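Student: Just dropping this structure here.
Readers should treat all values here as calculations from the given coordinates under stated rules, not as data from a laboratory. Just so it is clear, the structure is predicted and the values come from calculations on it, not from any experiment. Positions of Cβ are generated from backbone atoms using ideal geometry, with glycine treated the same way; all protein chains shown enter the neighbour counts.
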Amino acid sequence: MNLKILVTAGDGIGPEVTNEAVAVLQEVAQIGGHTLTFEAKRIGGIAITTDGTPLPAETVAAALASDAVLLGAVGGNEFNSLPPDKRPEAGLLGLRSALGGFANLRPAFAFKELAVNSPLRPEIIDGADILFVRELLGGLYFGQPREWNKTTGEAWNTMRYTKAEVVRVAKVAFELAQKRRKKLTSVDKANVLETSQLWRATVIEVAAEFPGVTLEHQYVDAMAMHLMNRPRDFDVVLTENLFGDILSDESGVITGSLGMLPSATVGGKVNLYEPIHGSAPDIAGKSLANPLGAILTGALILRHSAGLEAEAAAIEASVRKVLEQGFRTPDLARTNPQGFTVLNTQQMGAKVRETVKQLLAASC
Ligand code: IPM
Ligand code: MG
């Protein structure tokens, strides 16, 4: 297996956490005799500062010439007053649309060891295992027209979907549900929005091709509550771009930390992999960041772009094992580090590498 991975580490804690993800991937590749080559390009705030644009053309070209892209995070406080199209986030949105992946897979699962970090009671989250399928290229994020007219004091965005856009992402979600617990929850706001009515009608049509999967519909406001009350009832959750953005952050509560959650975007020319957490400028460069979300994102690269399921599973098992053994980054140890060994970013990465090496050696 030969895989060319472009790393766009971006801003804040992005470089620190992607370094650890890359090191874990290298370790796994070496053990299995696979060749992974890594190249780095700028995106986000660092690209604004260096190249004058959040998404340099050479980053897009390198991304399109690679087999997978691993993104760290984008954003920083110094860019907060810029208009949306000049901000670091615009670089990420531009990259997403250049790569064309429309289905953003965001797993949210409970780690038993991190249950104490969740404000939800352990018996509520124990065993929760949700896969969000977030539509990534449509809706308010990309709809035209959009404008803030400072003269009139008005601003508008457009939520727009075509049937074809809903069909393609719904198919991905149903296919994934077929391989999981065969339940699909489609989230919309069909009691108010036409886009949601199109969404719901289309999902019902697509469902006819997947008779083995049970389909239910939820309004997004009710879903926000159900996720906290009974997260175990959900398997695959399909939703549009903005609702998916919001609900996936909310689901960080189930996991105990947003720092643990990976994501993969599929369906386009090149898959894009990014942890769900942001750039966390307050702790950047201090070795305090939790690299496990990025490391688990690396596992998704192996699963979805390399077909290396056993290796992906070994990385995931290693993360669980490291937590079981009581190792924590400061965000996970919180104010109660008693009984835990608190590790910095690099030490946590090294611990996962050591563990994955043992696991893979044992399985050979
Ligand atoms: C995410 C982030 C991005 C989004 C931002 C950084 C543009 O919040 O990936 O969830 O809104 O999609
Ligand atoms: Mg988000």
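Student: Counting residues that are more than 16 Å from ligand 1 (Cβ to nearest atom), more than 19 Å from GLY101 (Cβ to Cβ) and among the polar types (S, T, N, Q), which strands (runs of 3 or more DSSP E) fully inside region 118-199 reach at least 2?
Tutor: Strands (runs of 3 or more DSSP E) meeting the threshold: 183-188.
Student: From the residues in region 224-250 that are free of Cβ contacts under 8 Å to residues at least 40 places away in the same chain and away from ligand 2 (no atom under 16 Å from the Cβ), which one is surrounded by the fewest Cβ atoms within 10 Å (Cβ to Cβ)?
Tutor: Once the filter is applied, the top-ranked residue is MET225.
Student: When you scan region 8-54, how many residues do you find that are of a type in the set (A, V, I, L, M, F, W, C), touching a strand residue (DSSP E or B) at 6+ places or on another chain (Cβ under 7 Å) and over 9 Å from GLY72 (Cβ atoms)?
Tutor: Counting residues in region 8-54 that are of a type in the set (A, V, I, L, M, F, W, C), touching a strand residue (DSSP E or B) at 6+ places or on another chain (Cβ under 7 Å) and over 9 Å from GLY72 (Cβ atoms) gives 7.
Student: Can you list residue pairs whose Cβ atoms sit under 9 Å apart, with the first residue in region 272-288 being free of Cβ contacts under 8 Å to residues at least 40 places away in the same chain and the second being more than 16 Å from ligand 1 (Cβ to nearest atom)? Count only pairs 6 or more apart in sequence or on different chains.
Tutor: Partner pairs satisfying both residue conditions: LYS286/GLU16; LYS286/ASN344; LYS286/THR345.
Student: Continuing with the same structure: Inside region 309-348, can you point out the residues that are charged (D, E, K, R) and touching a Lys or Arg at 6+ places or on another chain (Cβ under 7 Å)?
Tutor: GLU309
Student: Another question, if that's okay. I'd like the full set of residues that are closer than 17 Å to LEU292 by Cβ, buried (at least 19 other Cβ atoms within 10 Å of the Cβ) and in contact with a helix residue (DSSP H, G or I) (Cβ under 8 Å, 6 or more places away or on another chain), limited to region 88-113.
Tutor: ARG106, ALA108, ALA110, PHE111, GLU113
Student: So if I check each of ILE276, ILE315, which one is closer than 30 Å to LYS171 by Cβ, away from ligand 2 (no atom under 16 Å from the Cβ) and buried (at least 22 other Cβ atoms within 10 Å of the Cβ)?
Tutor: Going through ILE276, ILE315 in turn, the sole match is ILE315.
Student: Restricting to region 63-86, and then to whatever is within 13 Å of ligand 1 (Cβ to nearest atom) and either part of a strand (DSSP E or B) or within 20 Å of the chain's Cα centre (by Cα) (or both), can you tell me which residue is surrounded by the most Cβ atoms within 10 Å (Cβ to Cβ)?
Tutor: ALA73
Student: Of the residues VAL203, VAL187, VAL166, only one is over 15 Å from VAL220 (Cβ atoms), surrounded by 15 or more Cβ atoms within 10 Å (Cβ to Cβ) and of a type in the set (A, V, I, L, M); which?
Tutor: The unique qualifying residue is VAL166.
Student: Same structure again: Would you be able to say whether some residue in region 20-39 is out of contact with any Lys or Arg (no Cβ under 8 Å at 6 or more places or on another chain), surrounded by 24 or more Cβ atoms within 10 Å (Cβ to Cβ) and on the phi > 0 side of the Ramachandran plot?
Tutor: No, the conditions are met nowhere in region 20-39.
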